Amino acid sequence: MRCLWTRKGVFDILQLMKKLPFTCDQLEELAKTYPTPFHVYDEAAIRANARRLKAAFAWNAGFHEYFAVKATPNPHLMKILREEGFGSDCSSLAELVLAEKVGNTGEDVMFTSNDTPDEEFRRAMEMGAIINLDDITHIAAVERACGSLPELVCCRWNPGPLKGGNAIIGKPEEAKYGFTTDQLFEAYAILKAKGVKRFGLHTMVASNELDPQYIIDTATLLFDLAVQISQRVGVTFEFVNIGGGVGIPYKPDQVEQPLGKIGAGIEEAYRTHLIAKGHPDLRLYMECGRCITGPYGYLVSRVRHVKRTYKTYVGLDACMANLMRPALYGAYHHISVPKYGEAGTTYNFPGLEPGVPLMKCDVTGSLCENNDKFAIDREIPRVEPGDLVVLHDAGAHGHAMGFQYNGKLRSAELLMQEDGSFRMIRRAETLSDYFATLDFPGL
Ligand SMILES: *Cc1c(COP(=O)(O)O)cnc(C)c1O
């Protein structure tokens, strides 16, 4: 049997393990009140991370992060982020309502939608949200829906195939979002002619990006474009919004994005590509979701069965309904087995702890879909039925993506508060929730 064995001192262990902010005993205690599976978020870590982001951009007086609500649409978490000074980036009616309920209205809300219903334009307008248009035809759509255009309008740029421009930006021309470059020039001229007074410019071309240069390059491209549009069309930008897409290290050997380096790189580009070219100061906006809450949310589940057929299958009480990313796009989520951990840290990266037996297995949920797997051919510390396991980095696009297919219900969300106590911030669904939309005798 292969065992984990210690190689402390050979390489930097901290780079290779994933820590948990709680012990196995704490989780077992918690599971008495809140049966597994559940998501748990670490408030102190979320706040500390929010402060790191703000510090990285402190050079920009108007810097504002709009948390992408779709990542973790829980008002309790949104409220914490609002307390840290973050607005909300919304793209649906439900997200606008959530933003409003946590106190984000007016220009604390960025409405970055696409294929937008009239009703949502109206709601965003009523809230005084910043409307970020996805297409040139949406100028007329907003006028039709709302009777007029808002005083401040932002447009979303799709840079398309960046010939010779920037090698590391992928294939934006395959994305459904945004205006072409030519359409942008036309759109701002139209908006100006229609009396719009205040302007913003947006793009989002990254997703889960771990290269800091990519984020810096995105901002640089936007600064260049803002200068060109302002010179040619005669408008001045109040802000550029570089979108979200800052990645997180899902794998234990990946490294966190250096926010300070990104901030400094963008500051340099701001001076050389914007201010030196004669554009007045503007506010830098971001709408990150994943890097704000992702690493600070955990899906806690229990091993239900261990099955040995042609392969070994570890069946959990969590399934795709709780965390869909692995099944949806083969995403890696690290799996820790807290019973092998000690004093609040636990890890399963081979080479770290002496004497921990490993097993190679598929870690599955209970859906009748063979892709309902959290890991395939993964070596994890050996588990038995009844053991707790923790799936890391489930704090964004985790619970949020949940669905009820196959009659699987979405789990509870808990908050580990700054004082270390736990609070439920969303209860688990029940059968009555599942049947709530049916009108059928006996259900
Ligand atoms: C999803 C999304 C974001 C957030 O992206 P992350 O990868 O979570 O940072 C921001 N803006 C828009 C328009 C989005 O669709």
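Computed values, structure above
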quantity: Flag if residue 65 is buried (at least 17 other Cβ atoms within 10 Å of the Cβ), of a type in the set (D, E, K, R) and touching a residue at least 12 places away in the same chain (Cβ under 8 Å); calculated: yes
quantity: Pairs where the first residue, in region 426-443, is among the small types (Gly, Ala, Ser) and the second is modelled with pLDDT under 95, C-beta under 7 Å, 6+ apart; calculated: none
quantity: Tally of residues being part of a helix (DSSP H, G or I), touching a residue at least 40 places away in the same chain (Cβ under 8 Å) and surrounded by fewer than 20 Cβ atoms within 10 Å (Cβ to Cβ) across region 274-303; calculated: 0
quantity: Residue satisfying all of: in region 196-248; of a type in the set (Gly, Ala, Ser) and assigned to a helix (DSSP H, G or I); nearest to the ligand (Cβ to nearest atom) among these; calculated: 219
quantity: Residues located in region 216-273, provided they are out of contact with any strand residue (DSSP E or B) (no Cβ under 8 Å at 6 or more places or on another chain), of a type outside the set (Lys, Arg) and more than 30 Å from residue 297 (Cα to Cα); calculated: 220, 224, 227, 228, 231, 233, 234, 267, 268, 269, 272, 273
quantity: Restricting region 249-273 to residues that are among the hydrophobic types (A, V, I, L, M, F, W, C) and over 17 Å from residue 54 (Cα atoms), the residue that is nearest to the ligand (Cβ to nearest atom); calculated: 255
quantity: Any hit, region 180-189, residues being within 16 Å of the ligand (Cβ to nearest atom), touching a residue at least 24 places away in the same chain (Cβ under 8 Å) and surrounded by 18 or more Cβ atoms within 10 Å (Cβ to Cβ); calculated: no
quantity: Lone qualifier among 396, 375 - being within 16 Å of the ligand (Cβ to nearest atom) and under 30 Å from residue 254 (Cα atoms); calculated: 396
quantity: Options 29, 95; residue that is crowded, with 20+ Cβ neighbours inside 10 Å and in a helix (DSSP H, G or I); calculated: 95
quantity: Subset of region 274-298 [farther than 30 Å from residue 375 by Cα and away from the ligand (no atom under 13 Å from the Cβ)]; calculated: 274, 275, 276, 277, 278, 279, 280, 281, 282, 283, 284
quantity: Subset of region 391-431 [of a type in the set (Lys, Arg) and either under 18 Å from residue 29 (Cβ atoms) or surrounded by 15 or more Cβ atoms within 10 Å (Cβ to Cβ) (or both)]; calculated: 408, 410, 423, 426
quantity: Where a residue in region 20-40 is of a type in the set (Ser, Thr, Tyr) and its partner, wherever it lies, is part of a helix (DSSP H, G or I) and crowded, with 16+ Cβ neighbours inside 10 Å, with Cβ under 8 Å and at least six apart; calculated: 23/338
quantity: Check on residue 121, assigned by TED's automatic domain parsing to the domain that holds residue 201 and outside any strand (DSSP E or B); calculated: yes
quantity: Residue satisfying condition, being of a type in the set (A, V, I, L, M), more than 21 Å from the chain's Cα centre (by Cα), more than 16 Å from the ligand (Cβ to nearest atom) and not assigned by TED's automatic domain parsing to the domain that holds residue 201, within set 55, 31; calculated: 31
quantity: Pair list, Cβ under 6 Å, 6 or more apart: region 204-222 residue in contact (Cβ under 8 Å) with a residue 60 or more places away in the chain, other residue in a helix (DSSP H, G or I); calculated: 219/266; 219/269
quantity: Residue ID - farthest from residue 323 (Cα to Cα), chosen from residues in region 385-443 that are assigned to a loop (DSSP other than H, G, I, E, B) and among the acidic types (Asp, Glu); calculated: 439
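The values are calculated or read from the model by the stated rules, or taken from the named source; none is laboratory data. On a predicted model such as this, the values are computed, not experimentally measured, just so you know. Quick reminder, even Gly has a Cβ in these numbers, built from the backbone with ideal geometry, and neighbours come from all protein chains shown.
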